[in-house]
Structure formats: structure tokens, C-alpha cells
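Only one structure is covered here, and it is reproduced in the block below.
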Amino acid sequence: MRLDAFLKKSLLIKRRELANQLCDEGMVRVNGVPRKASHDLKVQDEIEFPLYNRVLKVRVLSLPEGNVKKADQWSLFEVLEDKRLPLDLGYGDEDPFAAPSKPPRNH
């Protein structure tokens, strides 16, 4: 199943257009490697992507066939990590997967 279709059908991202945009910008990583929207996902793949003020890392447990009910979405993936980012952090040219830089210390 295509990466963008999984993100949409699993209800991780509400619109497939947004999933495509994140993939095109190299913001979606599968098993640590940035992938395009057309990447073929497999069970046990790990997906990491930014969404608003957080970075989610999930493991694919199963691939959906047809439409998915909201109550059934949790059978498709397992959340491995949910990092919250400060609201004032813009993505711009920064890598949302990089460790946050330490503020300068005043002596």
C-alpha cells in the first residue's frame, strides 16, 4: 500500500493532499529514510513524521483494505513515540527530527 494512502486511511493524517505534501518535502521517514508518497509500505515498517506541534513515530501492524472506521484505526498501527515540540518552533529550514539545540549559557 502507498505511504500516503496508509497515512490517510489510518486516520493519522486527515487529508491525502497533506500526506503527499509532507512526503514531497522529505518530512516522512520510513525506517529512518525519507520516502516519497508512492513508497510501498509493508507490515512492521516504522513511520516517523511531523504533524503540527509533534513528531509521531508509529509501527505498521496491518494494512487496511477499503475504508477504516475510526474505532478500528488503532488496529492498524502502534504508537512508538510521540514527541511534543514547542509551539513557537517553526519548521522552515530546520530538521524536526534533529535534537533541539541547547540555549547559550550566560556566566
>> Looking only at the stretch 1-30, how many residues end up being assigned to a loop (DSSP other than H, G, I, E, B) and of a type outside the set (A, V, I, L, M)?
In response: 5
>> Can you find, within the stretch 13-36, the residue that is surrounded by the most Cβ atoms within 10 Å (Cβ to Cβ) among those that are touching a residue at least 24 places away in the same chain (Cβ under 8 Å) and under 12 Å from the mean Cα position of the chain (by Cα)?
In response: Val28
> Quick one: in the stretch 39-86, which of the residues that are farther than 14 Å from Ala19 by Cβ and of a type in the set (Asp, Glu) is surrounded by the fewest Cβ atoms within 10 Å (Cβ to Cβ)?
Replying inline: Glu65
> What are the residues in the stretch 1-21 that are closer than 18 Å to Leu80 by Cβ and out of contact with any strand residue (DSSP E or B) (no Cβ under 6 Å at 6 or more places or on another chain), if any?
Replying inline: Leu3, Phe6, Leu7, Leu11, Leu12, Ile13
> Any idea how many residues of the stretch 2-52 are on the phi > 0 side of the Ramachandran plot and touching a Cys at 6+ places or on another chain (Cβ under 7 Å)?
Replying inline: 0
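Bear in mind that the values in this text are calculations on the coordinates, not laboratory data. All values reported here derive from a predicted model rather than from experimental measurement. Every residue, glycine as well, gets a Cβ built from its backbone with ideal geometry; the counts of neighbours run over all protein chains shown.
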